[in-house]
Amino acid sequence: MAQIAALQIPVSQLRGVGHRRAAVLGEVGISTLQDLLYYLPRRYLDRSLIVPIAQVPPGQEVTLIGKVRQKRFIPGARPRFVLIVEDGSEEIACVWFQGARYLQRHFDEGDVLALSGRVEHFQGRLQITHPECEFVAGTGEPELLHTGGIVPLYTTSADMKDKGLRSRGFRRLVHTAIEEFVPQVQDPLPAELRQRLGLCGLAESLRQIHFPRSWEEVALARRRLAFDECFALQLRLAHLRQARRRAGVARPLARSQRLVPALLASLPFALTGAQQRVLGEIAADLEQPVRMSRLLQGDVGSGKTLVALAAMLQAAEAGCQAALMAPTEILAEQHAATLRALAEPLGIRVELLVGGLPAARRRQALAAIASGEASIVVGTHALIQDEVAFAALGLAVIDEQHRFGVAQREELQGKGPGVHLLVMTATPIPRTLALALYGDLESSVIDELPPGRKPVRTALRGAERRPQILAFAAAQIREGRQVYVVYPLVEESEKLAIKSASEGLAELKEGPLGGVALGLLHGQLPAEEKNRVARAFKVGEIQALACTTVVEVGVDVPNATVMIVEHAERFGLAQLHQLRGRVGRGAAQSYCILIAGSQAAQETERLKVLCQTQDGFEIARRDLELRGPGEVLGLRQAGLSELLVADLARDEGLLMAAREEAFRLVEAR
Ligand code: ADP
Ligand code: MG
């Protein structure tokens, strides 16, 4: 977020904020007035929709406002915490089973609360279980807050409560700040642009996001503030791209006349239309004297490897080397094998460089890379070590790029002057997210699968069905197929009884899969053991593999037809989609069975998305909606944490507009 000059004033200068309050605010990240004003309401209470307790329709979601008359902790086998709340018309019991002990400290008699939930009749009185709860006012406050229709509610911590900064106090503070300082705020957006895009002024928006007079004002204020965030983000990306272009002189790699046509002629199939298009985009970039920086997205199995190979052959034919970096040794080895089979008949040497190589082979590999004999080099992080020197690197390709940081991407690119960069991902990301994260890159999308792929039959089952599921897997193995059983990672601190792959393996030995050749693969195994197991599975010596998500990326065993995922609720949708992509790679019908450890409706709904579609982009879009961007990618991405208001699932139009404006502005200079 850009800094607003008039708001760079410490909160301690605000009336009513002393040292202690300032310290408490500091703990939630508020040190300046700008921080305070961008501490946005978590939600709003529409007081026009509030019903008196006596008139509550049973069974419906409602919001009530009442005062705490009594609080009680009831110990026992199922300890619970009960608040009796009254509003002058009637009283109601609020009951919590979870966190009962902790909640005791949280409420006091006399607190005025807004409660949302479903009201039931229980033992002759009204009750609401685990209501959503907000403090509206504190002890001794006679009147329910500001009387306007829409009241902002803020996330407040226990410390804030102690210092009188629970909703009402906090609201007052925000109000003071707005009255005194917001009129001085200069709008950084030119009036012309605001008018063209229908955006409110900044000062007006800051006021309205906190104290709206209507829902329409909330929406307008939100839109303006969200635009600012998108705009700042896209400006940064536009600068990045421009800087790279200006500095990015590259060796132009002429279009392949010989190697790529020979590769395509050697394939038993034709490229899909999407592969051809994308290949054209990449080939055209490589011909330029400017470094390419291109993101290649394509669903699992869409054939990205071939596209990458064609690009690498273009580099080779132009007299340069190309490097492909993959996140795991298993994947790197597999790529090396695939690329060797296709490139070596064309007279192109492919070298593998991974951490686990014996010393002698490693020396050979390094020598071939340094002399330029190896035109294509495939490897892991080992590729970016200092001792790896390329004779003439022209193209760097990064597979499964979300597994790498930007720094690693740049280190590989830095292994030569003016190296072109192609980053690939099989974790489709919705367009908005791609633009937010990789908006500085050009983008190519393979949005078509090779013909004849059979959809993987996908089912969601409860844990009680495990015996039948394993019996089904055993039957598939008797038909000569192979099976994956994936377990979630176990975090040390976790008390929940979640099976790890090794425990899972022990259990598999007792069940219907007891008689088959079982293997174990997880990230903690030594590299050699991992490779041994992966190879044994690949050649069919292992029939069922108990594993963690190490198999998520790229592992290619076409004979595997069953993917069982334990505790599927612990995985993101995109990740499950990747796991499912490990089967359905051969001609036979394949199956993906998600075993849910939780029956929560929300989880079930989320997992059902996978049963409904095989389209990775659609799945990613739903995942973004349901879980937000950090979770979709399985990591906190720098830059996205700045998006406080903008919602990438909803604000596509706004993001596109911000992007257009930002890029136009930067490129005009
Ligand atoms: P991903 O995009 O997931 O990396 P791969 O490149 O591993 O996919 O390709 C998956 C499989 O599809 C490979 O066995 C590959 O040989 C095959 N393939 C790639 N392109 C085509 C095509 N146009 N027609 C048929 N099969 C193809
Ligand atoms: Mg791949």
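The values are calculated or read from the model by the stated rules, or taken from the named source; none is laboratory data. All figures in this text were calculated on a predicted structure; none of them were measured in a lab. Neighbour counts are summed over all protein chains in view; Cβ atoms, including those assigned to glycine, are modelled from backbone coordinates with ideal geometry.
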- [ ] Find all pairs meeting these conditions: Cβ atoms under 7 angstrom apart; at least six residues apart or on different chains; first residue within the range 267-285 and within 22 Å of Pro252 (Cβ to Cβ); second residue hydroxyl-bearing (Ser, Thr, Tyr) and within 16 Å of ligand 2 (Cβ to nearest atom).
- [x] Val278/Ser444; Glu281/Ser444; Ile282/Ser444
Task: Tally, over the range 313-336, of residues that are assigned to a helix (DSSP H, G or I), touching a residue at least 60 places away in the same chain (Cβ under 8 Å) and within 14 Å of ligand 2 (Cβ to nearest atom) - done: 5
TODO: Mind counting the residues in the range 32-74 that are aliphatic (A, V, I, L, M) and part of a strand (DSSP E or B)?
DONE: 6
Open item on the list: Based on this model, can you work out whether Val350 counts as within 22 Å of Arg251 (Cβ to Cβ), crowded, with 19+ Cβ neighbours inside 10 Å and away from ligand 2 (no atom under 15 Å from the Cβ)?
Closed with: yes
TODO: Considering each of Val300, Val307 in turn, give the residue that is under 20 Å from Ser266 (Cβ atoms), within 14 Å of ligand 1 (Cβ to nearest atom) and either touching a residue at least 60 places away in the same chain (Cβ under 8 Å) or among the small types (Gly, Ala, Ser) (or both).
DONE: Val307
Open item on the list: Of the residues Leu279, Leu235, Leu253, only one is buried (at least 16 other Cβ atoms within 10 Å of the Cβ) and within 16 Å of ligand 1 (Cβ to nearest atom); which?
Closed with: Leu279
Task: The listed residue being within 16 Å of ligand 2 (Cβ to nearest atom) and in a helix (DSSP H, G or I), out of Ala534, Ala474 - done: Ala534
Open item on the list: Being of a type in the set (D, E, K, R) and at pLDDT below 90 is the requirement here; does Glu400 meet it?
Closed with: yes
Open item on the list: When the residues of the range 432-468 are narrowed to those that are at pLDDT below 90 and of a type in the set (Lys, Arg), which ends up nearest to ligand 1 (Cβ to nearest atom)?
Closed with: Arg453
Open item on the list: What's the total number of residues in the range 24-79 that are without any contact (Cβ under 8 Å) to a residue 40 or more places away in the chain and of a type in the set (Lys, Arg)?
Closed with: 3
- [ ] Would you please list the contacts, defined by Cβ atoms under 7 Å and residues six or more apart or on different chains, that run from a residue in the range 103-122 that is within 18 Å of Lys71 (Cα to Cα) to a residue that is among the hydrophobic types (A, V, I, L, M, F, W, C) and in a loop (DSSP other than H, G, I, E, B)?
- [x] Val112/Leu144
TODO: Quickly run through the range 578-615 and pick out the residues that are within 21 Å of Thr548 (Cα to Cα), surrounded by fewer than 19 Cβ atoms within 10 Å (Cβ to Cβ) and among the hydroxyl-bearing types (Ser, Thr, Tyr).
DONE: Ser598
TODO: Report whether or not Leu545 is touching a Phe, Trp or Tyr at 6+ places or on another chain (Cβ under 6 Å) and more than 16 Å from ligand 2 (Cβ to nearest atom).
DONE: yes
- [ ] Sort through Ala370, Ala407 and tell me the only one that's surrounded by fewer than 16 Cβ atoms within 10 Å (Cβ to Cβ), part of a helix (DSSP H, G or I) and modelled with pLDDT under 85.
- [x] Ala407
- [ ] Could you please let me know if Ala243 is within 16 Å of ligand 1 (Cβ to nearest atom), of a type outside the set (Ser, Thr, Tyr), part of a helix (DSSP H, G or I) and closer than 23 Å to Leu441 by Cβ?
- [x] no
TODO: Would you check if Leu339 is within 14 Å of ligand 1 (Cβ to nearest atom), under 25 Å from Pro451 (Cβ atoms), of a type outside the set (S, T, N, Q) and under 31 Å from the mean Cα position of the chain (by Cα)?
DONE: yes
- [ ] Scan the range 574-594 for residues that are assigned to a loop (DSSP other than H, G, I, E, B) and not β-branched (Val, Ile, Thr) and jot them down.
- [x] Gly581, Arg582, Gly584, Arg585, Gly586, Ala587, Ala588, Gln589, Ser590
Task: Unique match (being modelled with pLDDT under 90, surrounded by fewer than 23 Cβ atoms within 10 Å (Cβ to Cβ) and either farther than 23 Å from Glu448 by Cα or of a type outside the set (Phe, Trp, Tyr) (or both)) among Gly301, Gly319 - done: Gly301
